[in-house]
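The values are calculated or read from the model by the stated rules, or taken from the named source; none is laboratory data. Fair warning: this is a prediction, and the values are worked out from it, not measured in the lab. Neighbour counts are summed over all protein chains in view; Cβ atoms, including those assigned to glycine, are modelled from backbone coordinates with ideal geometry. Heavy atoms of the whole protein, side chains included, go into the accessibility calculation; ligands, DNA and RNA do not. Shrake-Rupley method; radii C 1.70, N 1.55, O 1.52, S 1.80 Å.
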Amino acid sequence: MILIAAAAVTIGITVFTSQKTKADPADLYKYYTSYEVKSGDTLWSIAKEYSGNGAYDTVTSYIDEVCSINHLPSDRIYAGNEICIPYYSTEYKK
């Protein structure tokens, strides 16, 4: 019984300490970059890579912004397209 409790505590500590922490959106700077769409890319895969740091409530809200700033009529993108994507950083860049 003690062994089971010790294992549960160890697992709980490992899970708790291994979770990524998100930066406070107030401490982030917003930037834009040009992105060339590669074969196999989707707005979802791009969003998963660039929408981190807690700046967006959902991946969908990031995709909506990308569609808006690029005047995309739908969420379809094609290899070779050049799109503008937002990203956030804790570093201030001049």
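The set of residues from segment 5-50 being modelled with pLDDT under 90 and not hydrophobic (A, V, I, L, M, F, W, C) comprises Thr10, Gly12, Thr14, Thr17, Ser18, Gln19, Lys20, Thr21, Lys22, Asp24, Pro25, Asp27.
Each row is one residue, and each column tells you yes or no for (1) β-branched (Val, Ile, Thr); (2) open to solvent by less than 70 Å² (accessible area, probe 1.4 Å); (3) touching a strand residue (DSSP E or B) at 6+ places or on another chain (Cβ under 6 Å); (4) under 19 Å from Leu28 (Cβ atoms).
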{"residue": "Glu49", "(1), (2), (3), (4)": "no, no, no, yes"}
{"residue": "Gly52", "(1), (2), (3), (4)": "no, yes, no, yes"}
{"residue": "Asp57", "(1), (2), (3), (4)": "no, no, no, yes"}
{"residue": "Tyr62", "(1), (2), (3), (4)": "no, yes, no, yes"}
{"residue": "Cys67", "(1), (2), (3), (4)": "no, yes, no, no"}
{"residue": "His71", "(1), (2), (3), (4)": "no, no, no, no"}
{"residue": "Arg76", "(1), (2), (3), (4)": "no, no, no, no"}
{"residue": "Pro86", "(1), (2), (3), (4)": "no, yes, yes, yes"}
{"residue": "Glu91", "(1), (2), (3), (4)": "no, no, no, yes"}
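Name the residues in segment 46-94 that are of a type in the set (A, V, I, L, M, F, W, C) and in a helix (DSSP H, G or I), would you? Walk me through it before giving the result.
If we filter segment 46-94 for residues that are of a type in the set (A, V, I, L, M, F, W, C), which is where we start, we get 46-47, 55, 59, 63, 66-67, 69, 72, 77, 79, 83-85.
Ile46, Ala47, Val59, Ile63, Val66, Cys67, Ile69, listed by residue number.
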